[in-house]
Every structure is written in structure tokens, then in C-alpha cells.
Amino acid sequence: MSFFKPILHNIQKVVQTSIPTYNSNPAATSMGSVDRQWLWNVFQRVDADCSGQITASELQSALSNGTWQPFNSETVRLLISMFDRNGDGTVNFDEFAALWQYITDWTNTFRSFDQDNSGNIDKNELMTALTTFGYRFSPQFYELLLRKFDRTATGHVNFDDFIQLCIVLQILTAAFREKDTDLDGWVNISYEQFLTMVFQLRMCWHRMKE
């Protein structure tokens, strides 16, 4: 378990830190705007087995990405891992409340960058969003992002994949920043350190997909 701690810590920090590289998070979680009684009713409906905990499959069935496709299961498990404080693979009501507000904030953020109201994000809209978040990427890297996160192969990114894209970028950024001690956007690491970072990220990612 100790091998995963650096990356798991980065995942937990996504809830508390910014999505952009070094700027503020436009989707910061604020619990004050949610009616808890209404949310409790939602929680009870989502909690299909009445266990008092919501699993990834239960959460997936309750979420919509704006298409007829199911919400990305990888995104769901990633969200669960971010808000599951005790590591049991589920979220209780308080954790669900924070997660729900987080998704609500991301919905508003997504809509603000979906300039043509198409229900998805194209390459130009993605560039605008990530540039606003503080990222500076080449056109070639945006093509890579689209190939990775465009599950429908239409040149667009749906809401659930957009969330995953941004969270993954933040996790990778957090891992990079641990080495970028002077915050100049460059790191000097050994080959073994590089491999360690890669394997930690890959193994943790596969662990979340189980």
C-alpha cells in the first residue's frame, strides 16, 4: 500500500487544490448551495441496495453525460476514489454531498466552455478551457488529448470524459510539481525516478479500474 501513497495523496488533493497548473480552480467545491434534505432524497434513490453507501455502479446509474451512453465508468471510479475518505470503495452521504456539488460545479464549468451549446467540447473549446485553467499546450498535444478522451471518435469530448481529462491532468501535474521545486515548469530527474513516477501512476490507475 505504501507504494501507492504518493499518487493516492495526489488524487485526494484534487478535491482541495486547483485543476489548472498554477491557477485557481473554476470548479471549486462549495457545499453551501446544496439543499441537504433534497440531496438526502437523491442519495436514498441512488443507494439501490439501501446499504447507506453508494458504490461506483450505483453512482454510474444515477449520472448522465448528456448522451445516450452510460457515464464513463472510469470517471465514476475516479470520482469515488477522490471522495471516499475511508478507502472502502464507496461514499457515504456526506461524501456523496461533496461529490454531488463537485459534479454540479463541473457541469456549470463545462457549459461555460461549450460555446455552441452542442452538449460536448470540440478541440477549440477544449483549448479555450485548458488555457483558461492555466495550461499551455501545443496543438499536437491537444490532438493527443482528443484521441485519448474522445470515446465516440467524433472529434468531441463529452461531459464525463471532460471531467476525467481535467482530473487526470491535475493528478499528473501534482506528480510533476513534486519534482518541480522551483516551479519553473522543468524538472531534472534520473531515469529511475522517471520510471518510478510512470509505474506509480499506471499501477494506481489500474487499481482504480478494478
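Residue-by-condition table, conditions (1) touching a residue at least 24 places away in the same chain (Cβ under 8 Å); (2) of a type in the set (D, E, K, R):
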residue	(1), (2)
Q60	no, no
D88	yes, yes
W100	yes, no
G119	yes, no
L130	yes, no
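Pick from segment 108-141 the residues that are surrounded by 16 or more Cβ atoms within 10 Å (Cβ to Cβ) and hydroxyl-bearing (S, T, Y): which of them is modelled with the lowest pLDDT? The qualifying residue modelled with the lowest pLDDT is Y135.
In a helix (DSSP H, G or I), buried (at least 20 other Cβ atoms within 10 Å of the Cβ) and modelled with pLDDT of 95 or more - does that describe any residue in segment 169-183? Within segment 169-183, none of the residues are in a helix (DSSP H, G or I), buried (at least 20 other Cβ atoms within 10 Å of the Cβ) and modelled with pLDDT of 95 or more. Criterion applied to I163, I121 was being touching a helix residue (DSSP H, G or I) at 6+ places or on another chain (Cβ under 6 Å) and closer than 30 Å to Q193 by Cβ, and the one residue passing it is I163.
Among the candidates S81, S57, the residue that is hydroxyl-bearing (S, T, Y), outside any loop (DSSP other than H, G, I, E, B) and farther than 18 Å from Q170 by Cβ is uniquely S57.
Scanning segment 140-151 finds one or more residues that are touching a helix residue (DSSP H, G or I) at 6+ places or on another chain (Cβ under 9 Å) and not in a helix (DSSP H, G or I).
Conditions tested, residue by residue: (1) touching a residue at least 24 places away in the same chain (Cβ under 8 Å); (2) in contact with a Ser or Thr (Cβ under 7 Å, 6 or more places away or on another chain); (3) of a type in the set (A, V, I, L, M, F, W, C); (4) closer than 30 Å to G185 by Cβ.
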| position | (1), (2), (3), (4) |
| --- | --- |
| T75 | yes, no, no, yes |
| M82 | yes, no, yes, yes |
| Q115 | no, no, no, yes |
| G134 | yes, yes, no, yes |
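The values are calculated or read from the model by the stated rules, or taken from the named source; none is laboratory data. Keep in mind it's a predicted model, so treat the numbers as computed, not measured. Virtual Cβ from ideal backbone geometry, glycine too; neighbours counted across all protein chains shown.
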